[in-house]
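The values are calculated or read from the model by the stated rules, or taken from the named source; none is laboratory data. Every value quoted in this text rests on a predicted model; they were computed, and no experiment measured them. Here the Cβ is made from the backbone with ideal geometry for all residues, glycine too, and neighbour counts use every protein chain on show. Side chains are part of the model used for accessible areas, which takes the heavy atoms of the whole protein and leaves out ligands, DNA and RNA. Shrake-Rupley method; radii C 1.70, N 1.55, O 1.52, S 1.80 Å.
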Amino acid sequence: MVMNQEKTNWIPFRDLHFAMTGIHYSEVVCGQSNKQQTDVHTLLLITEGQGTLQVNGSPIQLHGRKSLMLLPDTSIEIRHDGEEQLCFYLLTFDIFQTGEGRGIIKTELYEKLVPFNCKEITGASLDRLVEFTKEIYQHVNELNEREQFVNHFRFQTLMYFIMEQNLYQTTNSDTKSAVEQTIQHLHHHYHEVITVEQLAQMANMSRRWYTSLFKEMTGKSPTDYLTGLRIGRAKEMLHISGSSLYDIARHVGFQDEHYFSRRFKQTVGQSPRLYVRNRRHLGTSITYPELLYSLGVTPIAAPIHHGEFPSYLKGSFKDVLRLVDVGTPNLEMIRSARPDYILAPAWRDKQNYEALSRIAPTVLLPEREDWRDELRDMGEILGKKRQAEQVIQDYEFKVAAARKRLSTIVRDETVMYMRIIREETVLFGEHSTRGNLIHQELGLKPIQALQNSKAGITLTMETLSEIDVDHIFLHLDQQDCSARERYEEWLRSAQWNELTAVKRRQVYLVENKEWYNFSFSPVATSYAIDDIVQRLERRNGISRQN
């Protein structure tokens, strides 16, 4: 007697069929990112390196080998954060349901039928998963139909393997969670004596099983991972501390200075002393590169406002990467510079601290009104306090010499500093930062209109008639069309041409690029002081000849 056998319950594997639509292998080098929009189901398999994965805007840290299954219509961006290149496979596929509900699987049925939506594959053995994927990739372009057919079944085997792991190895999520807790413990207690046996006991696992799962999750053995944490902290201390190598080694968990130096060189590629000498600094503020330079440090990259560095930095900064200054740090360009250390102003970059810290150790400096205090802060951080005080002392000598020279050139003649900024013209008084340098430090006499002004006044055509001044330093951005047009309008006006300084040809046009950091860094300010003295000396010589 023959009996019909029908399905009496739903079996996940029996009703599903997978069809691969593509497989791609990519390598992302430092500072680069890879953006994708998944139109179909996608397996993302990281085989080596470190980085960050943004899935619909949510960040996931990538370290070592890692795999994720992604839904259709998912936006992803893979960004490389580490020193080694980030390598990964993207395998795309459709899922069909056979039988009564036949057709391509819809999103609403996905969770019911497929137990891995938009999450990490935690149950699969990643070594075996990588082997499956590499073999499929190696045969994907076979022209022989038989080989194509075989590769199709390789893919089917891969997908069923993943499903089987997720369905029947649920205990792995608990063991992974236990290992994650030990990783967090390492981050907080890296400076203590820690053995693999202790970590395995914390996770309630055998040493062999713990070590295997740890390496699967991080790409490193527990010992190498701990060493990496210690070396990372040592690098931070080498940047900001004047401590001896012995003290740094003990602080981060190494009992022996020589062993620390050996492991540091194995990890970083150079000894701690050479690392300090060759470290790559970066300041995110437009003035920080000049402050660093005044301390004898040429930054690896620097923000610029005018497309190129000012003339007084051109030779020294010829190999410095230019970062476009847009008010906020360009994280992609900063990452591509591969700095060892980042200095950033707290007033601007506090909200960017975490992102910057993922690129390199970052210190936020407090807001200061005077560049001298900024320089002292920077000298304290970099172990260059003596150099900072020497820069300030040299600057004070320069100002004193310039003041004395100007007193014999200008005498009681009045001087004003004005700046055309787009559609506004500002006359800076002695209580402003720039005006203070000109009138207080250099001793140049301000005009009567500014005697009671706190910082300065906005000039109009009407207020020009109230001004009687002998010398004008006019700061103009020639690249700004609206500022240039306003300046040309002033040149055509009767009020402007009636000014004493204009009649005597004692208006000195100064470049915005060269004077942009004037009064905010010792380098730019020294350049401006020399410019002021030279302009007035030349004009004084013309007057005597006439």
**Request:** From largest accessible area down, sort PHE428, PHE88; use a 1.4 Å probe on the protein chains.
**Result:** PHE428, PHE88
**Complete:** ARG535 neighbourhood, Cβ < 15 Å, K/R = +1, D/E = -1, net charge -2
**Request:** Apply 1/(1 + (r/R0)^6) to the Cβ-Cβ distance of ARG154 and THR298, taking R0 = 60 Å, and write down the FRET efficiency to the nearest 0.05.
**Result:** 0.65
**Asked** Quick one: Cα convex hull volume of the range 282-375, Å³ per residue?
**Response** 96
**Fill in**
So for the range 183-223, using the alpha carbon gyration tensor with a ≥ b ≥ c as root eigenvalues (a/c under 1.5 gives rounded; past that, a/b versus b/c decides prolate or oblate), I'd call it oblate
**Message:** Suppose all protein chains stay in the model; what accessible area per residue would a 1.4 Å probe give for the range 373-520, in Å²?
**Reply:** 51
**Asked** Using θ = phi - 60° and the Karplus curve 6.51 cos²θ - 1.76 cosθ + 1.60, what whole-Hz ³J(HN,Hα) does each residue of the range 90-95 get, with Gly and Pro shown as x?
**Response** 10, 10, 10, 7, 9, 10
**Message:** On the principal axes of its Cα set, how long, how wide and how thick is the range 238-336? Give whole Å, largest value first.
**Reply:** 50, 26, 20
**Message:** What distance in nm lies between label points placed 7 Å from Cα along the C-beta direction at HIS24 and HIS431?
**Reply:** 6.1
**Message:** Could you tell me how far the Cα centroid of the range 317-351 sits from the Cα centroid of the range 406-480, in Å?
**Reply:** 33
**Request:** Calculate what fraction, in whole %, of the accessible area of the range 288-399 sits on carbon and sulfur atoms when a 1.4 Å probe is rolled over the protein chains.
**Result:** 48
**Asked** the range 454-525: which trypsin sites (Lys or Arg not before Pro) are DSSP loop and have at most 15 other beta-carbon atoms within 10 angstrom?
**Response** LYS454, ARG504, ARG505
**Message:** Rounded to the nearest 10 Å², what accessible area does ILE23 have for a 1.4 Å probe in the complete protein model?
**Reply:** 20
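Cβ under 10 Å from ARG280's Cβ, ARG280 left aside: what net charge do those residues give with Lys, Arg +1 and Asp, Glu -1?
Neighbourhood net charge equals +1.
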**Fill in**
Per the C-alpha gyration tensor (a ≥ b ≥ c, the square roots of its eigenvalues), the range 16-76 is rounded if a/c is under 1.5, else prolate if a/b beats b/c, else oblate; here it's prolate
**Request:** Please report, to one decimal in angstroms, the Kirkwood hydrodynamic radius of the range 445-516 built from all distinct Cα-Cα pairs.
**Result:** 13.3
**Prompt:** List the aspartates and glutamates whose alpha-carbon lies under 14 Å from that of LYS384, not counting same-chain residues fewer than 8 positions away?
**Reply:** ASP373, GLU374
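Tally Lys/Arg at +1 and Asp/Glu at -1 over every other residue whose Cβ is under 13 Å from the Cβ of TYR259; what's the total?
The answer is +3.
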**Complete:** Scattering profile of the range 376-522 from the Debye formula, Cα beads only, expressed as log10 I(q)/I(0) at q = 0.08 Å⁻¹, is -0.26
**Rounded accessible area of GLU498 (nearest 10 Å², 1.4 Å probe)** = 120
**Prompt:** Let a ≥ b ≥ c be the square roots of the eigenvalues of the Cα gyration tensor of the range 337-415; is it rounded (a/c under 1.5), or, if not, prolate (a/b larger than b/c) or oblate?
**Reply:** prolate
